[in-house]
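The values are calculated or read from the model by the stated rules, or taken from the named source; none is laboratory data. Remember, it's a predicted structure, so these values are computed and weren't measured experimentally. Here the Cβ positions follow ideal geometry from the backbone for every residue, glycine too, while neighbour counts run over all protein chains shown. We work out accessible area using only protein heavy atoms, side chains counted, and drop any ligands, DNA or RNA first. Shrake-Rupley method; radii C 1.70, N 1.55, O 1.52, S 1.80 Å.
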Amino acid sequence: MTTLDDLPTPCLVLDLGILKRNLARMQAAVARHPGLILRPHMKTAKSVDVAALAAPGFGPITVSTVAEARYFAEAGWRDQIYAVGVTPQKLDALAALGADIKLITDDLDAARAIAAHPGKLRALIEIDVGEGRGGVPPESEELPAIAAALGPKLAGVFTHAGHSYRGRDIPTMAAIAETERAGVVRAAERLRAAGHAVPIVSMGSSPTALHAEHLEGITELRAGVYMFGDLFQAQLGTHAPEDIALTVLTSVTGRKPARNAVLVDAGALALSKDRSTEAAPRDYGFGLALDIDGGDAFGQATVTRTHQEHGEVTGPAPLPFDRLPIGARLRIAPNHTCLTAAAHERYHVVDGGHEVLAVWPRVNFW
């Protein structure tokens, strides 16, 4: 039997019980809206084993790289949205997968390239509902032009309210969800009035998917980080702090009582440099230090400094150095689980204990 004490550090630990609880919460939220489809975004997990739980029966999914699209298509998940603006150079690789890959675009020239491609690729037009990243506004004059360029390859409209991450309470996130819904539905209505079929009206982020009051006109929801959770999402109210399913297992490599700190072997490459100080109420540094059981035994100690392979853990209260010898195991809850997970090749799966029940690989890169 392999346990957490046997694993090389740093590595990812995924708690199966928490993961299943998070999936059930999202499924219940979607079930409040009859006829709505959940299309989980796999860009965080990048794992067929997680997909088997999040999109059972090879249900529809969302991906963000060609590598993900290939990995999931080969494993049986054929109904995909590739949710990043596509370049013409990627069309051949995506078409070669032989799956139902739906692209997104907000560009007239890209739409023409998609329409001219001999493959069976279709595309959704990306709508900007306030995030200010990709997409055209719902009332944009470009919208009907892009739809006309796509012609029969138009699959629908698509949006992502990433600015929901700036919300701090449920009423605010519900209001952003309504703005998101209304904007993408308005875009669909304009296109239908112009004679286009718009079968897919897709929206989603974890906060808006969970807190939308109604979703009239929406056909599907996308969300991804809800599966694992992280410190930032916990501060948003997307989930409780105890619902963070993913942590980084690390070992104490140095003790510095004079500055109330220990060094660990999880640095910037294992944790990422992402912080949530710009928008979050609390700065958790580069992650919250937990004991090997995943409990807060160190008085809200955080990783306050990172180097390439070093992390420094300090706390507002004196650290229990008698329980932190060299080699002692800690678990770090991440600020942004997507970037933290991306640094690793596999998950070590537990279920509330120390025994490693399985090792699940993940796909990385592009």
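With only Cα atoms counted, the stretch 91-217 has Rg and Dmax values of 15.0, 47 Å.
Under the simplified labelling scheme, the Asp100-Ala116 pair shows an inter-label distance of 2.8 nm, with each label point 7 Å from Cα along Cα→Cβ. Count Lys and Arg as plus one, Asp and Glu as minus one, and take only other residues whose Cβ is under 15 Å from that of Gln308; the net charge is then -1.
The mean sequence distance of close C-alpha pairs (under 8 Å, at least 6 residues apart), as a share of the length of the stretch 225-365, puts its relative contact order at 27 percent. At a 1.4 Å probe, what is the % contribution of carbon and sulfur to the accessible area of the chain? Of the solvent-accessible surface of the chain, carbon and sulfur hold 55 percent. Rounded to the nearest 0.05, the FRET efficiency derived from the C-beta distance between Arg166 and Met1 at R0 = 56 Å is 0.80. If R0 equals 35 Å, the separation of the Cβ atoms of Asp296 and Ala193 corresponds to a calculated FRET efficiency of about 0.05. For Lys273, the aspartates and glutamates whose Cα falls under 19 Å of its own Cα, not counting residues fewer than eight places away in the same chain, are Asp230, Asp265, Asp283, Glu309, Glu312, Glu345.
Spin-label model, Glu74 to Ala240: label points 7 Å out along the Cα-to-beta-carbon direction sit 4.1 nm apart. Here's the picture: a label point sits 7 Å out from the Cα of Leu53 along the beta-carbon direction, and within the stretch 328-362 the residues with their amide nitrogen under 12 Å of it are 347-352, 357-360. Percent of Cα pairs in the stretch 278-366 per distance bin of 5 Å, from zero to the largest separation: 3, 11, 19, 23, 19, 15, 7, 2, 0.
So if each residue of separation counts as 0.36 nm, and I subtract the Cα-Cα distance between Asp92 and Glu141, what length gain in nm does that give? Full extension from Asp92 to Glu141 adds 14.7 nm.
The distance separating the Cα centre of the stretch 202-240 from that of the stretch 123-171 comes to 17 Å. Computed over protein heavy atoms with a 1.4 angstrom probe, the accessible surface ordering of Ile18, Ile81, largest first, is Ile18, Ile81. With the highest mean first, a sort of the peptides 219-231, 340-352 on other beta-carbon atoms found within 10 angstrom per residue produces 219-231, 340-352. Once the Cα-Cα distance is subtracted from the 0.36 nm per residue extended length, the Arg32 to Asn260 segment shows a gain of 77.2 nm. Based on the Kirkwood radius over alpha-carbon pairs, what value in µm²/s does the Stokes-Einstein equation return for the translational diffusion coefficient of the stretch 65-104 at 4 °C and 1.567 mPa s? Diffusion coefficient, whole number: 131 µm²/s. Per residue, the solvent-accessible area of the chain (1.4 Å probe, heavy atoms of protein chains only, all protein chains present) comes to 40 Å².
Every Cα-Cα pair in the chain was counted, and those over 27 Å apart are 49% of them.
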